[in-house]
Amino acid sequence: MKSVWVVRAGEGAYLIDQFRDGNMVGLGWIKAGDASKWSDQGEYYRELLNVYPDWKARKVSITAGQIYRFANEIEIDDYVLTYDPGQRKYLMGNVIGGYEFTGEDDGFCHRRKVNWIGEVQRDALSARARNSLGAISSLFKLPDDIGNEVLSLLSVVPAQSETVQIENTREDEEFLFEDIQSRALEFVKDQINKLDWDEMQELVAGLLRAMGYKTRVSQAGPDRGKDIIASPDGFGFESPRIVVEVKHRNSAMGSNEIRSFLGGRHRDDKGLYVSTGGFSKDAHYEAERASIPLTLMDLDDLVRAIIEYYEQLDPETRQYIPLKKIYWPA
């Protein structure tokens, strides 16, 4: 099938009227110059490094890629979409002209002629399609299945009952929410794995403070099986006295490490063993039969606890794992 491309009408779609009335789509970045002069994307990227010396290399790479694709990969008769947020609809058209560089500093100096053929209401799209179309890039190509969905809405199709449409929308949105949640958790774990051992120890101590305890963190060096002492008074005199071991490794902790940690513990102690590499089956068995209450916390457990108590974390602890809150319709 023909490709379906999305071309943004500038930030906030401020160019939507020019796109619609002028039967065109375009990109800015006038200083990037005529992309047709360069034989490959690598040469164009190197040119843009000189043109935009203050930009980071990744931004230059993304910009060069978008302009180069706009000039060289979009083919005549491909479909193109652009969004009109004021009317919550997408304009769809066919590309009818080759790449042009106008040299005019008007926000769309890189242009392609378009024959607009129809409109698609955003509310008619599935949640997955709306998510795909929500990418912030100025130019991108839609996956085939999403492109087919958009194209199907240009034609007359048998209408589903309102109940079925509502149920399908809810299912799509629930799936999308679960997918975003899962990705977010993985990104948080990626950030935690980048911390060094000292930072990991301070992160766990900060989490315990957010839970209402006062903490003492061991100095670097032999710690005789404890990295953090957490208690109501901060000295370990008041119960509960929680002895914490933090292991920031890729490998799982086994039963030997658990037995070593338990050695020398007082009968009134509580134990918390944090391991970003997880625990073996034998380690879990050893913890279950321990003479004191012992909780094993792997990376997933740590991330869930951080998210639950994030609002209570002090600023010093948040700097190790800065997070943003995202609101989702209930």
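The values are calculated or read from the model by the stated rules, or taken from the named source; none is laboratory data. For clarity, every value in this text was computed on a predicted model and none was experimentally measured. Every residue, glycine among them, receives a Cβ derived from its backbone with ideal geometry; neighbour counts consider all protein chains shown.
Data table
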{"item": "Condition met for Ser239 (of a type in the set (Gly, Ala, Ser), at pLDDT below 90 and touching a strand residue (DSSP E or B) at 6+ places or on another chain (Cβ under 8 Å))", "result": "yes"}
{"item": "Test: residue in the range 263-271 that is under 35 Å from the mean Cα position of the chain (by Cα) and touching a residue at least 12 places away in the same chain (Cβ under 8 Å)", "result": "yes"}
{"item": "Answer residue from the range 245-278, given it is among the hydrophobic types (A, V, I, L, M, F, W, C) and out of contact with any Gly (no Cβ under 8 Å at 6 or more places or on another chain) and is surrounded by the fewest Cβ atoms within 10 Å (Cβ to Cβ) among those", "result": "Leu272"}
{"item": "Flag for Leu272 being of a type in the set (A, V, I, L, M), part of a strand (DSSP E or B) and modelled with pLDDT of 90 or more", "result": "yes"}
{"item": "Exclusive hit being of a type in the set (S, T, N, Q) and on the phi > 0 side of the Ramachandran plot, set Asn23, Asn50, Asn115", "result": "Asn23"}
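Yes/no matrix, rows are residues, columns are (1) of a type outside the set (D, E, K, R); (2) more than 29 Å from the chain's Cα centre (by Cα); (3) outside any loop (DSSP other than H, G, I, E, B):
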site: Glu245; (1), (2), (3): no, yes, yes
site: Asn256; (1), (2), (3): yes, yes, yes
site: Arg259; (1), (2), (3): no, yes, yes
site: Ala283; (1), (2), (3): yes, yes, yes
site: Glu286; (1), (2), (3): no, yes, yes
site: Ile306; (1), (2), (3): yes, no, yes
site: Tyr320; (1), (2), (3): yes, no, no
site: Ile326; (1), (2), (3): yes, no, no
site: Pro329; (1), (2), (3): yes, no, no
